[in-house]
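In what follows, a structure is listed as structure tokens, so that the remarks can point back to it.
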């Protein structure tokens, strides 16, 4: 009979139903295809960790050639838009108002001291430290600008005493230090988590809420057929979400892609299976869409956001939190994506990640299938 | 009829959920070729039993044999032979009628030829043929129900399980459904029909009556009601005396049950008792008419509950202070939602102290009308006066004179009964001595003394209903709005509730109530029938019934009248604009 076997008429019927529902239900399409766009644009532009065009005050109490040169060195980098003050109280007030992120103070005797080899000139740097991350970046750039200026002065004057060491910075993998390059791969992981876990948990919960699950369970369809139908449909949708996110990342955010697409697709497919299995697992517990959404956010989305290395570097976390991150699949996927986008097919990194993801997929799928029983108890 | 083979045999069936026993040692048989009614209030165990038979749950003790197979060990053997329609029909609302049918055909592995034949049969049988490509979510309640049934019938089941198929469906569709199911039973299918409507049971071939998980009674409905032969009477009474008379009658030692039915009092006598003199009930000497007993009469007398008369003294609601004007006056009320006109020029008045029922199928516009009258929704057109106040001008003042009890009771489940009363009295602006008095009055009048410190969420439904009513009356409103106040509440609680409502009306409180229970409409003084956004008829229940007396229907029920009204309205409306 054609109905027997996993790909018989029953399965095709279930699969057709899932696709028709996806097409008809604007919220599925929204989560799978519109949300990536919104998330990428919102977070990609909004949470920018770069310092660019930072308004920075330069308090110049006694305007001289020396101090103007320093001002110019701030103005000549793309990072700062310096604002000149003559009084440090004005600068402080501007800082309070949030007009500037910080300021440097050059005292009235600055020019004099700068040319006096015995008395080193002092420069005070004040940074708004409310957002410590941002403060550190501004401080770093400001010191860089000062170092540039000092270097420039040395070479201008062609001093006979050459510096003992010259520092040359190189930022590997992300030479322009664009956070988009770092964040976009992470966002793809979030989008895949949303589609896999959240959407799947929601649509199964919806079947419970509307009583359709009961109708399916009483029919001759097996639980495997019902669940497989969902997995296949949302797998296709998830891969669509991946295509949208990757396309957007590469073409709109101009994130470089240095790995190979087959590897990207392979790893993403494994991660998507992990997510889908998580979604199914949530749906075995949550019988309402509200609970399903809460659980999905709590145990898949939040860890993917916070503990995956997407926002915060795992290496800098306390050891026990680092240990915690190892139980979330998103961490291995984010690491793989960042490698693929920014470095290339670096197998020593990718292979352990793939192994971990495969292990997650096997465990979650087994548990999800075991727990999904044809019963209402 | 020769006794047919049992399709389902239950033996000492017990099912527990945690500490709650959902079904307690149930032994019964369900026969093929019959409609078996599964009757009882919410929580009686009806759905649990259906799910056990369908193999969705496993019994904790006892056994179920379905079509000769054990439900636990041998479910695969009969899975194909069950048609199951869960509550709310189990349809995919974002799939069309055709797609829903195709899905179920796929699930049952029907080939193309069989499929086409069955679709053609079922679509014409259910009258859904013109709606083949419409989304299931856009069908009316009645049509959804028929589609759910068609899906369940697709694979020619030998056992058809229907979980509350008629809940929330208008009486006309309900009758249609009965016709279809009756035909199926005629073909030898065993039909199990669960319902909370006691009047539906009378149409079944046999019934299983549940309460709190126990099987209270079973057999043929006629045998069950036959026990009350010559014990049911109707006493006609002049207007305004019914509630008082009903209370007197209920307290009489020979009376098992007294209820109001369309301006008369319905009496059920105790076994072997004599009919009391109608004069003591304040009747004008008319002779009580013997009437046919109903299933509900038998149910109530089976439980032998002493219905304590509800006393509602001490409500100083100041009724009649505003002269003799109408308590509620709706004038040309209209409400549009986008292009859809939910309520279309509805006009009616309700006199002070009257119980007015808004009756209509789901989606007819009764809730929208209701919400406009209690100031929860702004009318698009028309005006409403409640308790002498124009809702359009002085909504806040009107609200002070309105009590509102919503369908879901709107209580705080994790607060105690007293906390709920405290909270709601605060909301209504009561303070000091008046607040203390009103709370004491409510606890006393609604018998809440024993549960005053219990969490409201954990109370039985009947208590919640009383508490919700008490909260709505704290500020002594002149007009009381009740939105489907008795849905899900068991029949005994319902009649106790209506006694209170009657007592309130006697104190001069005007009551506007929506309901989809036809038998409850009998408790109302006047009814408004809402259909397709219009008020298609108003009148006393007996007047409405009298309009449809004919040779074929010498004693029409309210449901007969309702169906006839809707049919004649549809007949008038059709030539004008039947686009769909």
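Worth pointing out:
- For residue B:176, the conditions (1) surrounded by fewer than 22 Cβ atoms within 10 Å (Cβ to Cβ); (2) at pLDDT 90 or above; (3) outside any loop (DSSP other than H, G, I, E, B) are fulfilled apart from (2).
- Residues in region A:318-330 that are surrounded by fewer than 24 Cβ atoms within 10 Å (Cβ to Cβ) and part of a helix (DSSP H, G or I): A:319, A:320, A:321, A:322, A:323, A:324, A:325.
- Restricting B:181, B:191 to residues that are away from chain A (no Cβ under 12 Å), under 19 Å from residue B:79 (Cβ atoms) and either assigned to a strand (DSSP E or B) or at pLDDT 90 or above (or both) narrows the list to B:191.
- Yes/no for residue B:415 being buried (at least 22 other Cβ atoms within 10 Å of the Cβ), at pLDDT 85 or above and more than 27 Å from residue B:389 (Cβ to Cβ): no
- Filter result (surrounded by 14 or more Cβ atoms within 10 Å (Cβ to Cβ) and in a loop (DSSP other than H, G, I, E, B)) within region B:328-363: B:351, B:352, B:353, B:354, B:360, B:361, B:362, B:363
- The condition (being at pLDDT 85 or above, within 14 Å of chain B (Cβ to nearest Cβ) and either surrounded by fewer than 19 Cβ atoms within 10 Å (Cβ to Cβ) or over 26 Å from the mean Cα position of the chain (by Cα) (or both)) is satisfied by just one residue among A:24, A:55: A:24.
- Odd one out for residue B:247 among (1) out of contact with any helix residue (DSSP H, G or I) (no Cβ under 7 Å at 6 or more places or on another chain); (2) assigned to a loop (DSSP other than H, G, I, E, B): (2)
- When B:105, B:77, B:54 are checked against the criterion of being crowded, with 21+ Cβ neighbours inside 10 Å, over 32 Å from the mean Cα position of the chain (by Cα) and within 13 Å of chain A (Cβ to nearest Cβ), B:105 stands alone in meeting it.
- Filter pass, residue B:115 being within 13 Å of chain A (Cβ to nearest Cβ) and over 30 Å from residue B:196 (Cα atoms): yes
- Failed item in (1) facing another protein chain (nearest Cβ under 10 Å); (2) assigned to a loop (DSSP other than H, G, I, E, B); (3) out of contact with any strand residue (DSSP E or B) (no Cβ under 9 Å at 6 or more places or on another chain), with residue B:100 passing the rest: (2)
- Residue check for residue B:29: part of a loop (DSSP other than H, G, I, E, B), touching a strand residue (DSSP E or B) at 6+ places or on another chain (Cβ under 7 Å) and under 24 Å from residue B:204 (Cα atoms): no
- Against the list (1) closer than 15 Å to residue B:157 by Cβ; (2) within 14 Å of chain A (Cβ to nearest Cβ); (3) in contact (Cβ under 8 Å) with a residue 24 or more places away in the chain; (4) in contact with a strand residue (DSSP E or B) (Cβ under 9 Å, 6 or more places away or on another chain), the condition residue B:16 fails is (1).
- Qualifying residue in region A:265-284 (condition: within 30 Å of residue B:145 (Cα to Cα), in contact with a helix residue (DSSP H, G or I) (Cβ under 7 Å, 6 or more places away or on another chain) and surrounded by fewer than 19 Cβ atoms within 10 Å (Cβ to Cβ)): yes
- Residue list for region B:520-542, filter: surrounded by fewer than 22 Cβ atoms within 10 Å (Cβ to Cβ) and more than 27 Å from residue B:475 (Cα to Cα): B:532, B:534, B:536, B:537, B:538, B:539, B:540, B:542
- Evaluation of residue B:92 against the conditions (1) within 23 Å of residue A:20 (Cα to Cα); (2) at pLDDT below 90; (3) more than 21 Å from the chain's Cα centre (by Cα) shows that the sole unmet condition is (2).
The values are calculated or read from the model by the stated rules, or taken from the named source; none is laboratory data. Everything numeric here is computed off the predicted structure, so don't read it as measured data. Cβ atoms come from the backbone with ideal geometry, glycine included; neighbour counts cover every protein chain shown.
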